[in-house]
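Q: Got a structure for you, written out below as structure tokens; questions coming shortly.
The values are calculated or read from the model by the stated rules, or taken from the named source; none is laboratory data. Just so you know, these numbers come straight off a predicted model, no measurement behind them. Using ideal geometry, Cβ is built from the backbone for each residue, glycine included, and neighbour counts are taken over all protein chains shown.
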Amino acid sequence: MTAIENPKTYKWVGTRPIRHDGYDKVVGKARFAADLNLPGQLHAAYLRSPHAHANIVSIDTSKAEAMPGVKAVVTGDDFPALDITDSNHDVSINVLARGTVLYHGHAIAAVAATTKAEAQAAAAAIEVEYELLPVVLGIDEAMADGAPLANEQNYQKFVGPSDPSNIATHTPLERGDADAAMAAADIVIEREFDCAHVHQGYIEPHACVVDTGADGKANVWASSQGHFMVRAITAAVLGWETSRIKVTPAEIGGGFGGKTTVYLEPVAARLSEKAGRPVKLVMSREEVLRSSGPAPGAKLRIKIGATSDGELTAIDGWMAYQIGAYGDFAGMVGAMSVASYKFPNLKLESWGVLSNTPKTAAYRAPSAPHAAFAIESVIDDIASELGMDPIELRLKNAAVEGDLTAMGMPHPRIGLVECLEALKASDHYQADPAEGAARGVAVGFWFNIGEQSSATVNLNEDGTATVITGSPDIGGSRASMALMAAEELGIDVYSITPVVADTEAVGFTDVTEGSRATFATGKAVVEACRELKVELCRRAAQTMGVDEAEVEWVDGAAVSPSHGGEPLTLAAITAQAKRTGGPLTATASLNAAGAGPSFAVHCADVKVDEETGQTTITRYTAVQDAGTAIHPSYVEGQMQGGSVQGIGWALNEEYIFSSDGVLMNPGFLDYRIPVASDLPMIETIIVEVPNPSHPYGVRGVGETGIVPPMATIGNAIKAATGVRMTSLPMSPPKVLKALGDGR
Amino acid sequence: MATVHLMTQHRPLAGGEAVVEADGATVGQIIDDLDRRFPGLGDALRAGSSAGIDGEIHAEPEFVQVQPDTVVYFVAPLTGG
């Protein structure tokens, strides 16, 4: 359903063709990384740390090397030590530990053998002597004066490597005078929140096959969100020139941000180099949960002041993100994501805090869901205290073009007001909740990003086109690229074959993150098509014997009034390409600026069983500004996927650690993601406020949908029970306890 | 002179100023000008900043051209999932 129509209409953009890769995926022909097998291939397995923090005194691999089938063993000593200021330093010491293990499950060594069982047996036979170190597990513990260090090599970014710290980043953001505004406010509400680590939960575990040849070059087949990223990080960790590695992208079975980095490929490459045979390395589900990045946990204190008529006058926030044992930018981004409301006075302080837990990774709109859970909960309480409708209060304060984000920059054209109005007018919001259910709403924001993309478009002699890009197809991007090319060239979308090419067959393309593929790679496809249209018109002018300036491209054909208006189709021109100047091909590469921020507004109706504490969602609607929905079905899919992942985050999902840092629920039986029977149909409303920086108005839609669900459901639980939940997940035991405390 | 908005964490390096003026035809030249007047600010900006110009965020802004009336917002590097 589209609530606000894009004022422009197109022939192909906005339609819903079956995706080009759909058949292969439905019938099981699509090849994921673990599906590939090469002649002579070995299988690899890891030895992982049984301790959350320890020095490695010694490693003895001799017994493992002598075991049946073993062809190669690697440890951290097989890799160069990167300088601590190198941007790949942290990933290099995460791939295999160097002298110190920093979390339970940290990889220490790997073995390649003729079978997986032999590799696992040999890995278990590696003897390691440890010197145990203090384990730092919580934010308060890590930030306390005199706290032991979770990682003695960590230093605070932008401060310098001289002083090891449990702090990765400290980001203050201020405007106006929040203290004075808070003192003058008619109503002030302050609450403290906490959020457990959650995992992206992609169905396909990390997997790769690497064949390092005698010439020193490595062929890598891998599942990732960006094969150029895999090439760059693998080369850096190995100490190789980038050109020694070719990465072929396998199909990807989910990433959601968790496949924006590398775990396996450098290890497999070195094992293959040592063994002289291809090596396959596939994580188990337990390894995925223990040793590949979950999203950060967090603690947040949020105070918001407002006037009695509902104008939000100030926000004062403290946000600490628990990011594992390695520095990253999660804390900074959390504070920067405060951008939905005008807030004339703002004081935010955010921290990235280390602990001896797995290295965190992005999860859709990284760090924004935590902040939104806290802020949208407090805003809902203000609306409730003032007796205002929660949408009306948000409309009164919603950011519009020119309003400042927390990071100080004014918004470009955005669609938050349109999203709020669309929900307000929706069938869901107009109808009463079912008997026994209550309703919550919340807003989410995400920046979206641009970055580098390349595209090559080849026109074939039969009038079809091949569109070659370097963006792995995670959410239907092949179909989106084909639709934009079809719109530009004026040919049928099924006359276009979209291809995701390897690192040697297409120009450099950054990782698919920040909802950037349809925006930035799509922009490159459009540029290449437009260059081709100029050339097609030139060829047509030559054939028609008219001036080039008199020819224009209309609906898939060159037309010139001087030529009687008789169209010369694309197929007719390509058939004569050899005669008119040779193959018709164009390439565009760009570093895209102007990604359009995206807003979402969600609405949930829930019932809470006060005997068990279980929350059941009876109705759920997601509204989101897509800019322009190139393929509405896949936009809706992203909105639904983000909503469902957010519902899992809200109600059940959490990393549970023992007191010594061991993850206690490393499997989908105990780490409970939602299944279909847990959910109603997620209703979607696409709002289209075009992004002026994209030729079709694309904003990017992959991430924003995960930002509002936690607060949406928390607000609905509050409406249903009168109890404000401040801890994620809002699982039955926590709800029961809160209900008991609230009575 | 372009108008430059600094992130809160960089303001102590600029004498506490949130907004400063700077000369230059590119963002890189603006950073150089700021570093001449506020030693250390240049390194801090280059260590981890994107630049917002005319509503668009540039991840590697060094060679992005600016006009005398351009407003530059230095912001932390953005990422995504």
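Q: Can you tell me which residues in region B:45-57 are facing chain A (nearest Cβ under 8 Å), surrounded by fewer than 20 Cβ atoms within 10 Å (Cβ to Cβ) and of a type outside the set (Gly, Ala, Ser)?
A: If the condition is that a residue be facing chain A (nearest Cβ under 8 Å), surrounded by fewer than 20 Cβ atoms within 10 Å (Cβ to Cβ) and of a type outside the set (Gly, Ala, Ser), then B:Glu56 is the only one that fits.
Q: In this structure, is A:Ala236 buried (at least 24 other Cβ atoms within 10 Å of the Cβ), modelled with pLDDT of 95 or more and at negative phi?
A: The answer is no for A:Ala236.
Q: Right, next: Is region A:505-521 home to any residue that is of a type in the set (Lys, Arg), assigned by TED's automatic domain parsing to the domain that holds A:Pro583 and part of a loop (DSSP other than H, G, I, E, B)?
A: yes
Q: Looking only at region A:702-716, how many residues end up being assigned to a helix (DSSP H, G or I) and out of contact with any helix residue (DSSP H, G or I) (no Cβ under 6 Å at 6 or more places or on another chain)?
A: First, the residues of region A:702-716 that are assigned to a helix (DSSP H, G or I): A:704-706, A:709-716.
In the following step, the residues that additionally are out of contact with any helix residue (DSSP H, G or I) (no Cβ under 6 Å at 6 or more places or on another chain) were identified as A:704, A:712, A:716.
Summing the residues that are assigned to a helix (DSSP H, G or I) and out of contact with any helix residue (DSSP H, G or I) (no Cβ under 6 Å at 6 or more places or on another chain) in region A:702-716 gives 3.
Q: Oh, and also: Can A:Gly276 be described as of a type in the set (Gly, Ala, Ser) and surrounded by fewer than 24 Cβ atoms within 10 Å (Cβ to Cβ)?
A: yes
Q: Something else: For region A:726-743, enumerate the residues that are in contact (Cβ under 8 Å) with a residue 60 or more places away in the chain and of a type outside the set (Lys, Arg).
A: A:Thr726, A:Ser727, A:Leu728, A:Pro729, A:Met730, A:Ser731, A:Pro732, A:Pro733, A:Val735, A:Leu736, A:Leu739
Q: List the helices (runs of 4 or more DSSP H) that sit entirely inside region A:63-161 and contain at least 2 residues that are charged (D, E, K, R).
A: Helices (runs of 4 or more DSSP H) meeting the threshold: A:116-125, A:139-143.
Q: Separate question: Residues to consider are A:Glu401, A:Glu421; find the one that is acidic (Asp, Glu) and within 30 Å of A:Thr616 (Cα to Cα).
A: A:Glu421 is the lone residue from the list that is acidic (Asp, Glu) and within 30 Å of A:Thr616 (Cα to Cα).
Q: Additional query: Taking region A:475-504 only, how many residues are part of a helix (DSSP H, G or I) and among the hydrophobic types (A, V, I, L, M, F, W, C)?
A: Residues of region A:475-504 part of a helix (DSSP H, G or I): A:477-489, A:493-495.
From what is left, the residues that are among the hydrophobic types (A, V, I, L, M, F, W, C) are A:479, A:481-486, A:489, A:493.
Number of matching residues: 9.
Q: Taking the stated definitions as given, is A:Gly581 more than 21 Å from A:Ser337 (Cα to Cα) and modelled with pLDDT of 95 or more?
A: yes
Q: For region A:18-30, what are the residues that are assigned to a helix (DSSP H, G or I) and either surrounded by 14 or more Cβ atoms within 10 Å (Cβ to Cβ) or under 26 Å from the mean Cα position of the chain (by Cα) (or both)?
A: Within region A:18-30, the subset assigned to a helix (DSSP H, G or I) is A:22-27.
Of everything in region A:18-30, those that are assigned to a helix (DSSP H, G or I) and either surrounded by 14 or more Cβ atoms within 10 Å (Cβ to Cβ) or under 26 Å from the mean Cα position of the chain (by Cα) (or both) turn out to be A:Gly22, A:Tyr23, A:Asp24, A:Lys25, A:Val26.
Q: Turning to a different aspect of this structure: Checking A:Gly293 against (1) surrounded by 24 or more Cβ atoms within 10 Å (Cβ to Cβ); (2) modelled with pLDDT of 95 or more, which test does it fail?
A: (2)
Q: Of everything in region A:362-378 that's more than 14 Å from chain B (Cβ to nearest Cβ) and touching an Asp or Glu at 6+ places or on another chain (Cβ under 9 Å), which residue is nearest to A:Pro709 (Cα to Cα)?
A: A:Ala374
Q: Of a type outside the set (Ser, Thr, Tyr), outside any strand (DSSP E or B) and within 19 Å of A:His197 (Cα to Cα), is that true of A:Asp309? Can you show your working first?
A: On the way: of a type outside the set (Ser, Thr, Tyr): yes; outside any strand (DSSP E or B): yes; within 19 Å of A:His197 (Cα to Cα): no.
Spelling it out, it is not the case that A:Asp309 is of a type outside the set (Ser, Thr, Tyr), outside any strand (DSSP E or B) and within 19 Å of A:His197 (Cα to Cα).
Q: Return yes or no: is A:Glu349 within 14 Å of chain B (Cβ to nearest Cβ), over 18 Å from the mean Cα position of the chain (by Cα) and over 30 Å from A:Asp660 (Cβ atoms)?
A: Yes: the conditions hold for A:Glu349.
Q: Every residue in region A:42-72 that is touching a Ser or Thr at 6+ places or on another chain (Cβ under 8 Å), among the hydrophobic types (A, V, I, L, M, F, W, C) and closer than 14 Å to A:Val128 by Cα, please.
A: A:Ala54, A:Ile56, A:Ile59
Q: Looking only at residues that are in a loop (DSSP other than H, G, I, E, B) and within 14 Å of chain B (Cβ to nearest Cβ) in region A:421-471, which one is surrounded by the most Cβ atoms within 10 Å (Cβ to Cβ)?
A: Within region A:421-471, the match that is surrounded by the most Cβ atoms within 10 Å (Cβ to Cβ) is A:Ser471.
Q: Applying the selection to region B:59-79, what residues are under 11 Å from the mean Cα position of the chain (by Cα) and either polar (S, T, N, Q) or facing chain A (nearest Cβ under 7 Å) (or both)?
A: The answer is B:Tyr73, B:Val75, B:Ala76.
Q: Can you confirm whether A:Ala335 is more than 14 Å from chain B (Cβ to nearest Cβ) and in contact (Cβ under 8 Å) with a residue 12 or more places away in the chain?
A: Working: more than 14 Å from chain B (Cβ to nearest Cβ): no; in contact (Cβ under 8 Å) with a residue 12 or more places away in the chain: yes.
So A:Ala335 fails the test.
Q: While we're on this one: Can you tell me which residue is nearest to the chain's Cα centre (by Cα) among those in region A:249-271 that are away from chain B (no Cβ under 14 Å) and β-branched (Val, Ile, Thr)?
A: If we take residues in region A:249-271 being away from chain B (no Cβ under 14 Å) and β-branched (Val, Ile, Thr), then A:Val262 is nearest to the chain's Cα centre (by Cα).
Q: Separate question: Please indicate, with yes or no, whether at least one residue in region B:25-40 is of a type in the set (Asp, Glu), at the interface with chain A (Cβ under 10 Å from one of its Cβ atoms) and over 26 Å from A:Thr512 (Cβ atoms).
A: no
Q: Just a yes or no: is a residue in region A:31-50 in a helix (DSSP H, G or I) and out of contact with any strand residue (DSSP E or B) (no Cβ under 7 Å at 6 or more places or on another chain)?
A: Yes, region A:31-50 has at least one match.
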